[in-house]
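This is the structure, below, for whatever I ask next.
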Amino acid sequence: MPMSEYVASIRSRIGNAFLLLPGVTAVIRQGDRFMLARHRHSGDWSLIGGGVEPGEEPSDALLREVLEETGAHIRVRGIVGVYGGQPMMVTYPNGDQVGYVTTAYDCELLSPATPDPEELLELGWFERDAIQTLVRRHWIDRVIADSPNSN
């Protein structure tokens, strides 16, 4: 997904300088298996999510992001937690520096998911222990650890 108009308007004024943004993260799980996505820009596995647009409810942003990235519908079961700080800071290949404060939501998948080829290389289901063996964004370890143990 290309940069939102909102972020693009800020970037036009500040260039690649650090920008703090609100985000949402979908912890889509079935029992102790979690859906992860391997992202095109990094090749790393992570949870699905993205930015909250101005005036958008975070839960609506979550539904939108999952639909955009996977074509799937989800049901939100609750909030896992809120995460930020150094582990959530990223420098993208174009040099843009971003820090996210993300609200992670416990979710149930309601329809089939297919990766959006512009953003994702693949989707996969992984048990907690298997996630530790993946090349991944390490901040997800804390989110997975905080997630409920079963449906």
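The values are calculated or read from the model by the stated rules, or taken from the named source; none is laboratory data. These numbers come from a predicted model, not from an experiment. Ideal geometry is used to build each Cβ from the backbone, glycine not excepted, and the neighbour counts take in all protein chains shown.
Of (1) out of contact with any strand residue (DSSP E or B) (no Cβ under 7 Å at 6 or more places or on another chain); (2) assigned to a strand (DSSP E or B), residue 9 satisfies all except one. Which?
(2)
Follow-up question, since we're still on this one. Report every pair of residues separated by at least 6 positions or lying on different chains whose Cβ atoms are under 6 Å apart, first residue within region 117-131 and among the small types (Gly, Ala, Ser), second in a strand (DSSP E or B).
These pairs meet every condition: 124/36.
Can you pull out every residue in region 28-62 that is farther than 17 Å from residue 98 by Cβ, free of Cβ contacts under 8 Å to residues at least 60 places away in the same chain and surrounded by fewer than 19 Cβ atoms within 10 Å (Cβ to Cβ)?
Correct list: 55, 56, 57, 58, 59, 60.
I've got another one for you. Residue by residue through region 7-50, note down the ones that are among the hydroxyl-bearing types (Ser, Thr, Tyr) and in contact with a Gly (Cβ under 8 Å, 6 or more places away or on another chain).
Initial filter on region 7-50 (among the hydroxyl-bearing types (Ser, Thr, Tyr)): 9, 12, 25, 42, 46.
Once the filter is applied, which keeps residues that are among the hydroxyl-bearing types (Ser, Thr, Tyr) and in contact with a Gly (Cβ under 8 Å, 6 or more places away or on another chain), region 7-50 yields only 25.
Out of 76, 80, which single residue is β-branched (Val, Ile, Thr), within 14 Å of the chain's Cα centre (by Cα) and either surrounded by 14 or more Cβ atoms within 10 Å (Cβ to Cβ) or in a strand (DSSP E or B) (or both)?
One residue alone meets the criteria, 80.
Looking at (1) at positive phi; (2) assigned to a helix (DSSP H, G or I), which one does residue 43 not meet, given that it meets all the others?
(2)
Also: Hey, among 66, 24, which residue is in a helix (DSSP H, G or I) and β-branched (Val, Ile, Thr)?
Numbers: 24 fails: in a helix (DSSP H, G or I).
Matching residue, one of 66, 24: 66.
Is it true that residue 38 is under 12 Å from the mean Cα position of the chain (by Cα), of a type in the set (D, E, K, R), modelled with pLDDT of 95 or more and assigned to a strand (DSSP E or B)? If you could, list the steps in order and put the result at the bottom.
Values: under 12 Å from the mean Cα position of the chain (by Cα): yes; of a type in the set (D, E, K, R): yes; modelled with pLDDT of 95 or more: yes; assigned to a strand (DSSP E or B): yes.
So residue 38 passes the test.
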